[in-house]
Amino acid sequence: NAGVMQNPRHLVRRRGQEARLRCSPMKGHSHVYWYRQLPEEGLKFMVYLQKENIIDESGMPKERFSAEFPKEGPSILRIQQVVRGDSAAYFCASSPPNRRQETQYFGPGTRLLVL
Amino acid sequence: AQTVTQSQPEMSVQEAETVTLSCTYDTSESDYYLFWYKQPPSRQMILVIRQEAYKQQNATENRFSVNFQKAAKSFSLKISDSQLGDAAMYFCAYRGMYSGGGADGLTFGKGTHLIIQP
């Protein structure tokens with residue numbers, strides 16, 4: 001059973017460009033969570049999605065950041081007009097449906113570097 | 001808002017010895033979940049152990065066990081017979097039972113860097 005997949009693993013962007021990060025949840029999981037980890041910090045929750053629905057985006061910056069989880073395909077975290085402060089590791093996690101108490105399983109992360 | 005505090009930025013232990021990592025949290029909820037995750041140099045987040053607050057029995061997974069003190073809001077991780085492969089950052093995390101306002105996500109501490117001395 002494949003784990004949570006994220007791609008790309010490393011992404012380099014220049015200031016002002018767009019970054020697109022992809023996450024495919026574990027088989028049978030329909031809940032996806034995105035987290036950001038700054039250097040020397042723990043992970044910070046950004047957004048929680050189910051298929052075609054954003055459930056909780058209280059951790060997302062108000063501007064330039066958006067997330068989606070379409071009916072088909074992976075979840076996408078999009079960062080428009082990136083700035084140096086966006087450089088971080090972005091982790092995706094997934095959990096099974098209708099089981100809110102279930103553990104979240106993490107992908108390997110995408111390391112974003114903004115030049 | 002819930003907070004998770006790990007007061008030990010770094011811990012060192014001799015191989016085969018036992019080490020305890022501390023974690024305290026602040027919450028007004030009575031039901032919640034606590035987790036320890038390990039992040040080795042590869043930076044993959046790996047679940048080590050989880051505890052449901054309504055369970056009085058401390059969780060155990062092979063060499064890993066927790067000391068859950070609900071009244072004190074303390075959740076420490078004990079690693080027995082430490083191995084070189086245990087070297088990593090260890091993060092304590094909290095998740096409440098209710099939705100919204102960020103409660104669906106895990107709240108993490110800042111981590112403890114565990115060094116294993118051969």
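The values are calculated or read from the model by the stated rules, or taken from the named source; none is laboratory data. The structure displayed is predicted, hence computed values, not measured ones. As a convention, Cβ positions derive from the backbone with ideal geometry for all residues, glycine included, and neighbour counts pool all protein chains shown.
Counting only strands (runs of 3 or more DSSP E) that sit wholly inside the range B:4-118, those with at least 3 residues that are closer than 19 Å to residue A:104 by Cα are B:32-39, B:46-52, B:88-96. Whenever a residue of the range B:65-78 is free of Cβ contacts under 8 Å to residues at least 24 places away in the same chain, its partners that are among the basic types (Lys, Arg), lying with C-beta atoms within less than 9 angstrom and at least six residues away or across chains, give the pairs B:65/B:78. Across the range B:38-48, the qualifying residues are those that are facing another protein chain (nearest Cβ under 10 Å) and free of Cβ contacts under 8 Å to residues at least 60 places away in the same chain, and the one among them that is farthest from the chain's Cα centre (by Cα) is B:42. The numbered conditions (1) at pLDDT 95 or above; (2) surrounded by 14 or more Cβ atoms within 10 Å (Cβ to Cβ) are all true for residue A:18 except (2). Of all residues in the range A:78-94, those being surrounded by fewer than 23 Cβ atoms within 10 Å (Cβ to Cβ) and within 11 Å of chain B (Cβ to nearest Cβ) number 1. For the range A:46-76, a residue qualifies if it is more than 14 Å from every other protein chain (Cβ to nearest Cβ) and either small (Gly, Ala, Ser) or surrounded by 15 or more Cβ atoms within 10 Å (Cβ to Cβ) (or both), and the qualifying residues are A:64, A:65, A:66, A:68, A:73, A:74, A:75, A:76.
Counting only residues that are under 12 Å from the mean Cα position of the chain (by Cα) and β-branched (Val, Ile, Thr), which one in the range A:29-56 is nearest to residue A:3 (Cα to Cα)? Looking at the filtered set, the residue picked out is A:32. Going through the range A:40-78 one residue at a time, which ones are in contact with a His (Cβ under 6 Å, 6 or more places away or on another chain) and of a type in the set (D, E, K, R)? Of everything in the range A:40-78, nothing turns out to be in contact with a His (Cβ under 6 Å, 6 or more places away or on another chain) and of a type in the set (D, E, K, R).
Residue by residue through the range A:24-40, note down the ones that are within 13 Å of chain B (Cβ to nearest Cβ) and either surrounded by 14 or more Cβ atoms within 10 Å (Cβ to Cβ) or touching a residue at least 60 places away in the same chain (Cβ under 8 Å) (or both). Of everything in the range A:24-40, those that are within 13 Å of chain B (Cβ to nearest Cβ) and either surrounded by 14 or more Cβ atoms within 10 Å (Cβ to Cβ) or touching a residue at least 60 places away in the same chain (Cβ under 8 Å) (or both) turn out to be A:26, A:31, A:32, A:33, A:34, A:35, A:36, A:37. Quick one: residue B:14 ticks every box in (1) within 10 Å of chain A (Cβ to nearest Cβ); (2) farther than 26 Å from residue A:31 by Cβ; (3) touching a Pro at 6+ places or on another chain (Cβ under 9 Å) except a single one, so which number is it? Result: residue B:14 passes all but (1).
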